[in-house]
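First the structure, in the form of structure tokens, and then the observations on it.
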Amino acid sequence: MPLDKQLQQLTSDAPHVDPGASLGGVVRRGRRRTRFQRAATTGAGLLLLGGTAAALPMVVGAQTPTPAILHEGGTGPGAGDDSVDHADKLEGATLLEVGDGKGDAAADDKATEPLAEKTLEPKPEPETKPEPKPEPKPEPKPEPAHEFTAHQVHAVVEGNPPSNAYWGTGTPGDSILVWSEFGAADGKVGENGEWEIHVTFAAQPPGTTKSFAVKALNKSTDVKHWFEVTSHHTGNPAHAFTANQVHDNIEGDPPTNGYWGSAKPGDTVTIWNHHAEQWTELGTATANGSGDWEIQVSFGHLPAGTVATEVKARNNHTNEVVWFELQVTNHGGEEPVAFSAQQQYGTCSEPIPYEVFFGAADPGDKIKVWAEYLAEPAYAIADESGNWELRVEFPDAPRDVTFDVHVKHVPTGETVTFDFTATSPE
């Protein structure tokens with residue numbers, strides 16, 4: 001049978017070959033052989049031989065394609081001198097006998113014609129698209145600062161004690177302080193940029209009505225807002241701190257006066273006298289269970305004669321103070337010593353110029369000296385004999401310039417002024 005007919009018959013009888021199967025083998029045509037390398041079948045069952053296709057069936061096992069040897073002519077392995085020529089060494093190879101070497105020469109010649117070959121274009125490699133590069137993530141922009149705002153809920157409040165609320169906006173995390181003279185509170189701006197603070201005016205005296213300023217301060221930016229509030233404290237007025245003076249003019253030997261008022265039970269109240277730049281504590285009273293206090297004090301420490309002086313009553317728990325003016329005539333004690341002051345030199349050429357002042361005053365009286373070229377005032381105290389003396393240096397005084405030096409008797413305010421010159425060294 002001609003070769004092409006045998007091929008056609010073998011092709012129709014051959015098991016199906018999956019596309020892409022990898023095969024290899026040797027084709028024997030007459031006494032010539034053609035070795036083909038491993039190749040791949042096409043979907044039509046063609047064997048691809050180095051870019052050509054021949055209508056050659058593949059002998060396939062149950063599942064896996066196997067190499068084949070096509071033998072044209074001869075009767076099988078061993079026919080001729082090299083009919084298979086190592087083909088049996090191909091692993092899994094199968095010999096396909098095509099023709100028996102008998103028949104007419106024309107048929108044999110036709111059978112020995114080369115297989116029709118068809119040049120196939122190689123399948124193009126699938127285009128590989130580059131993976132898209134991820135777009136860079138934009139860096140997060142910093143949150144813009146929020147404007148600091150503040151609002152007051154009520155302009156007029158009342159209670160025991162009264163309170164108020166304040167709110168607004170700001171940058172998250174900022175520290176906010178709400179302050180007034182009668183109470184304060186602080187807080188922080190929340191993550192949503194809002195804040196709210198409640199303030200209790202606990203220091204406001206019970207039974208009083210006060211109008212005062214309230215400050216909302218952003219401590220992180222130092223921006224502030226001000227508000228005015230009127231507050232009515234509805235607490236027991238008996239517990240509000242009050243102070244009263246019995247007399248505005250007193251005399252005696254020694255002169256005395258009375259002070260009374262109200263405060264929270266247990267609070268202490270001290271009476272102070274301010275005279276001749278000195279403070280003197282006169283006495284302390286304690287408010288009873290009803291919130292009342294009272295005290296009698298003496299002004300015997302004041303010099304004999306008539307003087308005007310100041311008195312204050314201070315609540316030691318709330319630091320509240322009430323001031324009074326008082327005229328005192330002291331009939332007791334000895335007549336005061338007349339104040340005197342003298343200057344020893346008037347000039348000085350020492351590297352650090354100085355002056356000496358001295359005089360007389362009541363024992364314990366304070367003497368004050370100050371001048372333009374004196375950084376701080378200097379003081380002297382009269383001794384038990386009523387004498388005093390004070391050396392004063394003038395390191396900053398210019399040379400050959402005369403200036404005033406003042407010597408003051410602190411208890412009475414009497415002042416004597418002297419001239420002093422720091423002369424150039426000789």
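The values are calculated or read from the model by the stated rules, or taken from the named source; none is laboratory data. Just so it is clear, the model here is predicted, and its values are computed rather than measured. Cβ placement follows ideal geometry from the backbone for every residue including glycine, while neighbour counts extend to all protein chains displayed. Keep in mind that these areas ignore ligands, DNA and RNA; they rest on the heavy atoms of the full protein, side chains included. Shrake-Rupley method; radii C 1.70, N 1.55, O 1.52, S 1.80 Å.
Structure notes:
- Single residue of region 380-390 satisfying the filter (out of contact with any Phe, Trp or Tyr (no Cβ under 6 Å at 6 or more places or on another chain) and touching a residue at least 24 places away in the same chain (Cβ under 8 Å)) that is surrounded by the most Cβ atoms within 10 Å (Cβ to Cβ): Trp388
- Taking region 223-297 as the region of interest, the strands (runs of 3 or more DSSP E) fully inside it that hold 1 or more residues being within 45 Å of the chain's Cα centre (by Cα) are 223-233, 268-275.
- Residue tally, condition open to solvent by less than 60 Å² (accessible area, probe 1.4 Å), under 24 Å from His409 (Cβ atoms) and of a type in the set (Phe, Trp, Tyr), over region 236-294: 0
- Output for region 371-386, where each listed residue is within 21 Å of Gly346 (Cβ to Cβ) and part of a strand (DSSP E or B): Ala371, Ala378, Ala380
- All of (1) under 30 Å from Phe324 (Cα atoms); (2) in contact with an Asp or Glu (Cβ under 9 Å, 6 or more places away or on another chain) hold for Glu228 with one exception: (2).
- One residue from Lys129, Lys141, Lys137, Lys133 being open to solvent by 70 Å² or more (accessible area, probe 1.4 Å), charged (D, E, K, R), more than 30 Å from Gly235 (Cα to Cα) and modelled with pLDDT under 70: Lys141
- Region 395-423, residues that are assigned to a loop (DSSP other than H, G, I, E, B), open to solvent by less than 70 Å² (accessible area, probe 1.4 Å) and without any contact (Cβ under 8 Å) to a residue 24 or more places away in the chain: Val401
- Exactly one residue out of Glu277, Glu325 is of a type in the set (D, E, K, R) and at positive phi: that is Glu277.
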